[in-house]
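Data first, discussion second: the structure below is written as structure tokens.
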Amino acid sequence: MLLDDAAAEFHDFFERHHTELARLAHLLTGEKDAADDLAADALVALWQRWDRMRAAQHPVAYARGVVANLARERIRSTVRERRRVALFWSRSTEVVDGPDVAGVLDVRAALTRLPFRKRACVVLRHAFDLSEKDTAAALGISVGTVKSQTSKGMAELERLLGAEAVGVLAAGRRNR
């Protein structure tokens, strides 16, 4: 395949998946401003390996994994930076554009309190409606780990938000 064909193919992949990858980054990090950057960095990494990636069965699953890894790096880096400067950090009220409601903000805040792996499993399973198998592939973990981390993450969200709110989240996933 010519370079122009590969570039056109990648451009099509970019157009179809950039928004989804940015949304995933936003939900994993809780940082709206960083989400596009993380998605773009993931897509740059894919472009650098595009000759191999376009032949893969599920390049979008690989892309999700790259976003998850970049988000994990960003979170770890942020934690290290906060520890180095030893400042207390309090989350300001998030400015919401559009139809977001207080419940959505509560869920987002609760998600940021979950450890990364639980958060990633819950987000990929419930916000992105991925199967356990696809979630495992995106995160590079076993299906059993996805099941346990999702279950534990949902239990923690239930503790933080209440059973009714978590029931609404799970029902929303089933009704899609």
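Check cross-link reach from K147 to the aspartates and glutamates: straight Cα distance under 18 Å, and skip same-chain residues fewer than eight apart.
D129, E132, D134, E156, E158
P(r) for the range 105-161, please, calculated from all Cα pair distances in 5 Å bins and given in %.
Percent of Cα pairs in each bin: 4, 23, 34, 22, 12, 4, 0.
What's the FRET efficiency of A163 with V143 using the Cβ-Cβ distance as r and R₀ = 30 Å, to the nearest 0.05? List each step's numbers first, then the result.
Numbers: r = 26 Å, r/R0 = 0.87.
Calculated transfer efficiency: 0.70.
Suppose R0 equals 22 Å. What FRET efficiency, 1/(1 + (r/R0)^6) with r the Cβ-Cβ distance, do S151 and D106 give to the nearest 0.05?
After rounding, the FRET efficiency stands at 0.60.
At a 10 angstrom cut-off on C-beta neighbours, averaged per residue, how do the peptides 49-57, 121-129, 138-146 rank from highest to lowest? Write down the numbers at each step before the final one.
Details: 49-57: 12.4, 121-129: 21.2, 138-146: 16.9.
Descending mean neighbour count gives 121-129, 138-146, 49-57.
For a Förster distance of 35 Å, can you work out the FRET efficiency between the beta-carbons of D51 and R113, rounded to the nearest 0.05?
Numbers: r = 41 Å, r/R0 = 1.16.
Approximately 0.30, to the nearest 0.05.
What list of ³J(HN,Hα) couplings, whole Hz, do you get for the range 14-30 from phi and the Karplus terms 6.51, -1.76, 1.60, once you set θ to phi - 60° and write x for glycine and proline?
Karplus values, whole Hz, x for Gly and Pro: 4, 4, 6, 10, 4, 4, 4, 5, 5, 5, 4, 4, 5, 5, 6, 9, x.
D129 to D36: extension gain in nm, 0.36 nm per residue of separation minus the Cα-Cα distance? Provide the component values of the computation, followed by the final result.
Details: separation 93, 0.36 × 93 = 33.48 nm, distance 2.10 nm.
Gain in length upon complete extension: 31.4 nm.
For H11 paired with H58, estimate the spin-label separation in nm (one decimal), with each label point 7 Å from Cα along the Cα-to-Cβ line.
2.9 nm
Each reported figure results from applying straightforward, stated rules to the coordinates on display, with no laboratory input. Model, not experiment: these values are computed from the prediction. So basically every Cβ, Gly included, is an ideal-geometry build from the backbone, and we count neighbours across all protein chains shown.
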